[in-house]
Amino acid sequence: MFRITTLIFIFISMAITSQHTHAQEADPYLWLEEVDGEKALKWAEEWSSKTTKKLSSHPDYDQVFDQSLEVLNSDERIVAPSLINDQIFNFWQDADNPRGIWRYTTATSYLNGEPEWEVLLDLDKMSEEDDIKWVFKGATGLYPDYERFLVSLSKGGGDAVEVREYDLESKRFVEDGFFLPEAKGGMSWINENEVIVATDFGDGMTTSGYPKQVKAWKRGTSLDEAKLLFEGEETDVIASGFVLNTPESNYTMILQKPSFFLQRYYGVIDGDIRRIEIPEDAEIESIFKGMMIVNLKSDWAVGGQEFVQGSVLSIDYQAFLEGKRNFELIFKPDAKTSVQGISRTANYLLFDVLSNVRSELYAYSKGDTWQTKKWQAKKLQTPKFGRVAIGSTSSKSDQFFYYNTGFLEPSTLYYAHAQKDAHQKIKSLPSFFPSEKYQVLQMEAKSKDGTQIPYFVVASKDFKRNGQNPTYLYAYGGFEVSLRPFYSATMGRAWLEKGGVYVLANIRGGGEFGPKWHQAGLKENRQRVYDDFHAVAESLIENKITTADQLGIGGGSNGGLLVGVAFTQRPDLYKAVVCQVPLLDMKRYNKLLAGASWMGEYGDPDIEEEWAYIKEYSPYHNLKEDGEYPKVYFSTSTRDDRVHPGHARKMVAKMTEMGHEVLYYENTEGGHAGSSTNEQRAKASALMYSYLYSQLMLTNER
């Protein structure tokens, strides 16, 4: 099933171009954009060593590291299932397998709690043999029997992958099988002997660094001989191909994205390319029993009907291609509801719905007579509290896996039946901290324009509203990404158990209340996102949960930009800032790696009218020598080929030269996730919490 949000995880890298003399004069830190430059790497290594030495000397560092690694390597973790026919596939990392193993077992043995795993790939063994730090990035099976897979492997955790064909029976890569050299592209099965592929064919990429050509490649021929199906424009974000597999038929499609939030779909039908005429901001969720499922991002008048933004529609795909426009309404949102995800079973569409940031799960069907009956919704009896997330489904049955979790509820895996509304508890995470001692509150802050912004507060049941609680506020605010309650044993042990308060804010720019919530913070309206964040911080202070001297904030990627703006605009509000894999130089972001693809979110800084509003918040350009900033902790990865590490590097260099005290850590691998192994993840946690302790006066005695 294809989701437009997956594009967030397949950004394409671009080589750094030579710089003009005037640019060098304008930005003296451009040399830090040379990712593997000798001088830049030495600079990063010295900073990382200094920061590690400082933070690891905190008395609680070793405890946080050990506890985090214990959780990450625990055998009590849920073995996340990927349901394929009557088998369960899983990728697993632990102390014995730091880079991980890809394995499978029978569904029966898994459900009985006694799986006998067969290892398909040992990433540690591969890494040792090849002298490459391999990171597993997923596998796509050949429908319907799944005897062959296309396995994606990354060198060091970046988004660029090498794709190899794998045979399940022999448990090895296929000699002379399909193989894609390392690039930020990919391929999908059309049939056993043909794939649809988008990659760097040597004829140039888009300005965002994505493939612009899509080809059909037959077995036994070279990649150079692949047949061109589609070529996009150089200014597009990406052109890609994918296949929707269903029991009724397989549908080969092409996706062209002129910008991040616009897309044009094309059907590949008997060798012909047919444009699918739906609004460019709408998404095709799937094709289900011959019906195309469309998710609207704006109002649409079609076929004599009017559908509101956030609605989900269906129509017979073949009839649509023949010109019919008799869409049926499946889901219509209200002011507080939105669809977060759609999956399918054999006879149902499963809708993950948020209602005031609280999860609900619905099964939609049309009964036996599909062409005449209306869509019927059945709310499944999932646990009342917590976040519900669909795990794995199959188009061959109505059984599926889902997770339920919350701030204080350890993740629990369920095996359910959509038709029977039956739920079998498979496994729960152990409670690594005494969650019964804590409570969750949902509160609201009034933003600058009067909009009510919800946020969650996790705190001890006996905490006092006396303004003396060290508090960590986290948010994202972009790309229609929703932040929902989650269980983190590390956060519980390293923060709540030390007396801290955790806050999760649902600011605009996200998708908690549907497309309108996201679109309210685009481009020239971006300041609303930052106003929302400031409003939550002020609300925490007004409600005497904390004070500015004990308030820390954190965010990564777009969230790194968020906290970068926060401390440059309102340094009076924040004492600690965790800024991870961030965007910060908003004048050059569109020239670095995948940055050009995000202009639909932020605007184009090369257009004077758009730079006029971007420069008002760009953290790199709003630093002041006389600013009284908190001591910020920046972290990134040398191998992040999505958000350029130059953003964090240059910010640190500029702040240091201005005389501001900062901390900086750069992992040498890990990609945009920042870490590749559990040990690296444990170190990242220990560094972050040691920083928060030192800044917010939270000690091991508290």
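Pairing residues of region 236-247 that are assigned to a strand (DSSP E or B) with residues that are aromatic (Phe, Trp, Tyr) and open to solvent by less than 10 Å² (accessible area, probe 1.4 Å), at Cβ distances under 6 Å and at least 6 apart in sequence or on separate chains, gives 238/210.
Taking the residues in region 521-533 that are open to solvent by 10 Å² or more (accessible area, probe 1.4 Å) and in contact (Cβ under 8 Å) with a residue 60 or more places away in the chain as candidates, determine which candidate is farthest from residue 603 (Cα to Cα). Out of the qualifying residues, it is 531.
Looking at region 542-549, is at least one residue among the acidic types (Asp, Glu), more than 21 Å from the chain's Cα centre (by Cα), crowded, with 24+ Cβ neighbours inside 10 Å and modelled with pLDDT of 95 or more? Full working, then the answer.
The first filter runs over region 542-549 and keeps only residues among the acidic types (Asp, Glu), leaving 542, 549.
Within this subset, residues satisfying the condition of being more than 21 Å from the chain's Cα centre (by Cα) are 542, 549.
With crowded, with 24+ Cβ neighbours inside 10 Å added as a condition, the list becomes none.
Looking for residues that are among the acidic types (Asp, Glu), more than 21 Å from the chain's Cα centre (by Cα), crowded, with 24+ Cβ neighbours inside 10 Å and modelled with pLDDT of 95 or more, one finds none in region 542-549, hence no.
Rundown of residues vs (1) modelled with pLDDT of 95 or more; (2) open to solvent by 30 Å² or more (accessible area, probe 1.4 Å); (3) under 30 Å from residue 439 (Cα atoms); (4) not in a strand (DSSP E or B), yes/no style:
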{"residue": "314", "(1), (2), (3), (4)": "yes, no, no, no"}
{"residue": "324", "(1), (2), (3), (4)": "yes, yes, no, yes"}
{"residue": "338", "(1), (2), (3), (4)": "yes, no, yes, no"}
{"residue": "350", "(1), (2), (3), (4)": "yes, no, no, no"}
{"residue": "420", "(1), (2), (3), (4)": "yes, yes, no, yes"}
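Scanning region 151-199 for residues being within 23 Å of residue 83 (Cβ to Cβ), free of Cβ contacts under 8 Å to residues at least 24 places away in the same chain and basic (Lys, Arg) gives a total of 0. When the criteria are applied in full, residue 606 meets the requirement of being farther than 24 Å from residue 658 by Cβ, at pLDDT 95 or above, open to solvent by 40 Å² or more (accessible area, probe 1.4 Å) and not hydrophobic (A, V, I, L, M, F, W, C). Residues of region 147-203 that are assigned to a loop (DSSP other than H, G, I, E, B), over 27 Å from the mean Cα position of the chain (by Cα) and among the polar types (S, T, N, Q): 170, 193.
In the condition set (1) free of Cβ contacts under 8 Å to residues at least 40 places away in the same chain; (2) open to solvent by 50 Å² or more (accessible area, probe 1.4 Å), residue 148 is compliant with all but (1).
If you go through region 281-312 and pick out every residue that is part of a strand (DSSP E or B), in contact with a Lys or Arg (Cβ under 9 Å, 6 or more places away or on another chain) and open to solvent by 20 Å² or more (accessible area, probe 1.4 Å), you end up with 1. If only residues of region 254-280 that are touching a residue at least 24 places away in the same chain (Cβ under 8 Å) and under 14 Å from residue 321 (Cα atoms) are counted, the one that is most open to solvent (accessible area, probe 1.4 Å) is 274. Checked against the criterion of being at pLDDT below 95, within 26 Å of residue 332 (Cβ to Cβ), open to solvent by less than 50 Å² (accessible area, probe 1.4 Å) and β-branched (Val, Ile, Thr), region 372-383 contains one or more residues that satisfy it. Figure legend. Inter-residue proximity from region 547-576: first residues closer than 17 Å to residue 645 by Cβ and among the small types (Gly, Ala, Ser), second residues open to solvent by 10 Å² or more (accessible area, probe 1.4 Å) and part of a strand (DSSP E or B), beta-carbon distance below 6 Å, spacing 6+ or different chains. Indicated pairs: 556/580; 560/580. Here is the figure for region 1-34: residues that are within 30 Å of residue 689 (Cα to Cα), at pLDDT 95 or above and not acidic (Asp, Glu) total 2.
Taking the criterion of being open to solvent by less than 10 Å² (accessible area, probe 1.4 Å) and out of contact with any Leu (no Cβ under 8 Å at 6 or more places or on another chain), the only residue of region 646-661 that qualifies is 652. The strands (runs of 3 or more DSSP E) found entirely in region 18-108 that carry 3 or more residues being in contact with a Ser or Thr (Cβ under 9 Å, 6 or more places away or on another chain) are 82-84, 87-92. Of all residues in region 206-225, those satisfying the criterion of being out of contact with any Lys or Arg (no Cβ under 6 Å at 6 or more places or on another chain), assigned to a loop (DSSP other than H, G, I, E, B) and open to solvent by less than 40 Å² (accessible area, probe 1.4 Å) are 208, 209, 210, 211, 212. Within region 86-118, no residue satisfies the criterion of being open to solvent by 50 Å² or more (accessible area, probe 1.4 Å), of a type in the set (S, T, N, Q) and touching a residue at least 24 places away in the same chain (Cβ under 8 Å). Reported count of residues in region 384-418, each being under 24 Å from the mean Cα position of the chain (by Cα), open to solvent by 20 Å² or more (accessible area, probe 1.4 Å) and of a type in the set (Ser, Thr, Tyr), is 4. Residues in region 439-484 that are closer than 28 Å to residue 686 by Cα, hydrophobic (A, V, I, L, M, F, W, C), open to solvent by less than 50 Å² (accessible area, probe 1.4 Å) and outside any loop (DSSP other than H, G, I, E, B): 441, 456, 457, 458, 459, 473. Looking at residue 626, is it under 26 Å from the mean Cα position of the chain (by Cα), open to solvent by 10 Å² or more (accessible area, probe 1.4 Å) and free of Cβ contacts under 8 Å to residues at least 40 places away in the same chain? Taking the combined requirement at face value, the residue does not satisfy it.
In region 119-137, how many residues are in contact with a Ser or Thr (Cβ under 7 Å, 6 or more places away or on another chain), in contact (Cβ under 8 Å) with a residue 40 or more places away in the chain and either closer than 24 Å to residue 188 by Cβ or surrounded by fewer than 17 Cβ atoms within 10 Å (Cβ to Cβ) (or both)? Break it down stepwise before answering.
First pass over region 119-137, keeping only residues in contact with a Ser or Thr (Cβ under 7 Å, 6 or more places away or on another chain): 133-135, 137.
So of that shortlist, the ones also in contact (Cβ under 8 Å) with a residue 40 or more places away in the chain come out as 133, 135.
In the following step, the residues that additionally are either closer than 24 Å to residue 188 by Cβ or surrounded by fewer than 17 Cβ atoms within 10 Å (Cβ to Cβ) (or both) were identified as 135.
Result for region 119-137: 1.
When region 454-493 is filtered for residues that are aliphatic (A, V, I, L, M) and farther than 17 Å from residue 354 by Cα, the ones remaining, listed by number, are 457, 458, 459, 473, 475, 489, 491.
Regarding residue 701, is this residue modelled with pLDDT under 95, open to solvent by 20 Å² or more (accessible area, probe 1.4 Å) and more than 30 Å from residue 235 (Cβ to Cβ)? Show your work before the answer.
On the way: modelled with pLDDT under 95: yes; open to solvent by 20 Å² or more (accessible area, probe 1.4 Å): yes; more than 30 Å from residue 235 (Cβ to Cβ): yes.
Spelling it out, residue 701 is indeed modelled with pLDDT under 95, open to solvent by 20 Å² or more (accessible area, probe 1.4 Å) and more than 30 Å from residue 235 (Cβ to Cβ).
Annotation: residue 619 fulfils all but one of (1) surrounded by 24 or more Cβ atoms within 10 Å (Cβ to Cβ); (2) more than 24 Å from residue 209 (Cα to Cα); (3) touching a residue at least 60 places away in the same chain (Cβ under 8 Å); (4) touching a Ser or Thr at 6+ places or on another chain (Cβ under 7 Å); the unmet one is (3).
Kindly check whether there is at least one residue in region 352-360 that is over 23 Å from the mean Cα position of the chain (by Cα), of a type outside the set (A, V, I, L, M) and either at pLDDT 95 or above or open to solvent by 20 Å² or more (accessible area, probe 1.4 Å) (or both). No, region 352-360 contains no residue that is over 23 Å from the mean Cα position of the chain (by Cα), of a type outside the set (A, V, I, L, M) and either at pLDDT 95 or above or open to solvent by 20 Å² or more (accessible area, probe 1.4 Å) (or both). Considering only region 55-69, I want to know if a residue exists there that is within 26 Å of the chain's Cα centre (by Cα), over 30 Å from residue 262 (Cβ atoms), of a type in the set (D, E, K, R) and modelled with pLDDT of 90 or more. No; the residues of region 55-69 include none that is within 26 Å of the chain's Cα centre (by Cα), over 30 Å from residue 262 (Cβ atoms), of a type in the set (D, E, K, R) and modelled with pLDDT of 90 or more.
The values are calculated or read from the model by the stated rules, or taken from the named source; none is laboratory data. This is a predicted model, so every value here is computed, not measured. Methodologically, a virtual Cβ is constructed for each residue, glycine included, from the backbone with ideal geometry; neighbour enumeration extends over all protein chains shown. All accessible areas refer to the heavy atoms of the entire protein, side chains included, with ligands and DNA or RNA removed. Shrake-Rupley method; radii C 1.70, N 1.55, O 1.52, S 1.80 Å.
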